[in-house]
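The values are calculated or read from the model by the stated rules, or taken from the named source; none is laboratory data. Just so we're clear, the structure is a prediction, and the values are computed from it rather than from any experiment. Cβ placement follows ideal geometry from the backbone for every residue including glycine, while neighbour counts extend to all protein chains displayed.
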Amino acid sequence: MSKRAITIIIHITCWALFLLLPVIFSPAFGTRPKEFDHVFGYPLRFILNNLFLVPFFYFNAYFLVPELFFKRKNILYFGAILLLLLMFLLIPEDRQRIININNVPPPTSFPDRERLRIMHERPNILFIGFRILPRIFSFCLVWLLGTMLQVIERWRIAEKRSRESELEKVNAELSYLKLQINPHFLFNTLNNIYSLASMQSAQTPAAVMKLSEIMRYVTQDAQADMVPLEKEIQYINNYIELQKMRSNDRLELVFNAGGDFSKNNIAPLLLISFVENGFKYGISNHEKSLISIDIRVEKDTLEMQVHNTIFERPENGVTSSIGMSNTRRRLELLYPGRHALSFGKTGNFYTVDLKIELS
């Protein structure tokens, strides 16, 4: 069943309940009072009168509110509402058709017959005194519901557009990330491969293959919105292996990956920024350094920890802050309410802890 058909059914059901409530809650429901000539008793007049509210609801919700209220034509809008309220109040009670004094049984006392005669002869015009309040209440209820319907719908559309705009911006940034490889990393890797080739090292073919796999993943596989988690882990592994080639013996590198990575997908290039951050700021040519990377998957939950020494450089604070801020924003949009991220510096070490619910 289409969404439009479901909406129509809901509207019909709601109006049926609204119009039948006075009948259902009437003391005369299911009986045939002799002073009335219909099966439901006096509530029938409420149904007939409130039928006016059906077209009023849609006229207000789909014309007056969008064309006047939202366009700040308040005088015209509230003037139209007051005019419609007056029209609704002027709808007469059809007492002559509904109330039939000839149906009053003989035992009825004279005062009761006189009261019915006066009601029968009273002009069928505007309600008087407190008897006008139920009509005003019904009108205001339908008016507010119609107005709120459009206000909520407009807010929902605005929220959806805002979120789509933010997602488009993030997707544009992600596309940029997909199309670029860190030039510094690429140039150093090519220089290392050249050095290996010039020495006729046995590692040269493996290095070329890993760089080729990285290029293929970034330019092809990572173009999708989601990628198999095992490909993302393999990409990180290739990146780490190439980084080890250009690192000296002062680096202590630990990389652990555990769990079944074949069952889940993940947003591409989401984890690599934490690994890049560790290599960018955690390696020194003169001092011992440590980089520890641990990635595990248990019960559709990915946990990642990157722990590295940090060597102060003039650009560390700004660059690291911007990179972490962008990654955190991507996580908030791609995994809202399904991730936990914390990072910070403790002594001479920098630690990142990330948890993502993949399913």
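Residues satisfying the criterion are absent from the stretch 313-328 (criterion: under 15 Å from residue 232 (Cα atoms), assigned by TED's automatic domain parsing to the domain that holds residue 223 and either in contact with a helix residue (DSSP H, G or I) (Cβ under 7 Å, 6 or more places away or on another chain) or modelled with pLDDT of 85 or more (or both)).
Can we say residue 253 is at pLDDT 85 or above and over 21 Å from residue 357 (Cβ atoms)?
Taking the combined requirement at face value, the residue satisfies it.
When each of 260, 294 is tested for being assigned to a loop (DSSP other than H, G, I, E, B), assigned by TED's automatic domain parsing to the domain that holds residue 212 and modelled with pLDDT of 90 or more, the lone residue that passes is 260.
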